[in-house]
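The values are calculated or read from the model by the stated rules, or taken from the named source; none is laboratory data. In this text the structure is predicted, and so the values were computed from the model without any measurement. We place every Cβ from the backbone using ideal geometry, glycine too, and count neighbours over all the protein chains shown.
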Amino acid sequence: MILNPNRPEAKHLLTCIPGTRMLQETLGLIGTRVPDPFNILRTWQIQCLYAPVRGRALGGLRAKLIDNLGFATFCNQRDLEVLLNITKPGEWCFWLGEDYVGIRDQGWVGFGVDADDLMDDLYDRELSIRAQHPPRTILPEGTQIRRLIHDGPPIDYEELVNLMWDMDPQTGYGPDERFETLEERWRSVERTMPRERGRLWQSIYQRTLSET
């Protein structure tokens, strides 16, 4: 396994960068390539790791991955350990207290995003924009982020999010750089499927299913 997130000795490995849920420790996984189990031409690369979120069914750390067309997705620790060949389906997952599952098994999650993942990804992109400006710069209203998201096979979409304001909603002072108020600052205004990329990946996905 990558680590046992429930063990006291793993606590220091799960220390986050202040103000984020991104882990300071890379665990030697950053840059690791992960094949897509449903698409032979799609390759993912681990970009960063995130701390477990309390209340999630699977628990464990989370990995953000980027594919060879720029799509972003996330993977839970249990299924990532299978995809990295650290373990095999049917073996016992000591830190989770249940068996590992395979990509065809009921309960497999694999690549995908939920609200927590999308928030972490959006905050990463906001921090990248802030890094291009002098410290404490108030970002202009209407700043846009376009992101390509993979929410499991074969769901790929492009999302446009707009910055509504860069100020504390309570005091009116800016910039507001807090993760806790991220949803107050940004609004999703459009979601579309990129036609060429969407058709490409869907056709390969369907072909892969028919051959297995």
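Got at least one residue in the stretch 75-85 being crowded, with 20+ Cβ neighbours inside 10 Å, in contact (Cβ under 8 Å) with a residue 40 or more places away in the chain, under 19 Å from Pro153 (Cβ atoms) and β-branched (Val, Ile, Thr)?
Within the stretch 75-85, not a single residue is crowded, with 20+ Cβ neighbours inside 10 Å, in contact (Cβ under 8 Å) with a residue 40 or more places away in the chain, under 19 Å from Pro153 (Cβ atoms) and β-branched (Val, Ile, Thr).
Table: residues versus (1) in a loop (DSSP other than H, G, I, E, B); (2) more than 23 Å from Gly19 (Cβ to Cβ); (3) modelled with pLDDT under 95.
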| site | (1), (2), (3) |
| --- | --- |
| Asp79 | no, yes, no |
| Ile86 | yes, yes, no |
| Leu118 | no, no, no |
| Asp121 | no, no, no |
| Leu127 | no, no, no |
| Leu148 | no, yes, yes |
| Tyr157 | no, yes, yes |
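Of the numbered conditions (1) out of contact with any strand residue (DSSP E or B) (no Cβ under 8 Å at 6 or more places or on another chain); (2) at pLDDT below 95; (3) outside any loop (DSSP other than H, G, I, E, B), Arg42 satisfies every one except a single condition; which is it?
All conditions pass for Arg42, except number (1).
Sort out which residues of the stretch 8-39 are over 25 Å from Leu122 (Cβ atoms), in contact (Cβ under 8 Å) with a residue 40 or more places away in the chain and assigned to a loop (DSSP other than H, G, I, E, B), and write them in order of number.
Pro37, Phe38
Go through the stretch 96-116 residue by residue and tally those that are assigned to a loop (DSSP other than H, G, I, E, B) and of a type in the set (Gly, Ala, Ser).
The number of residues fulfilling the criteria is 4.
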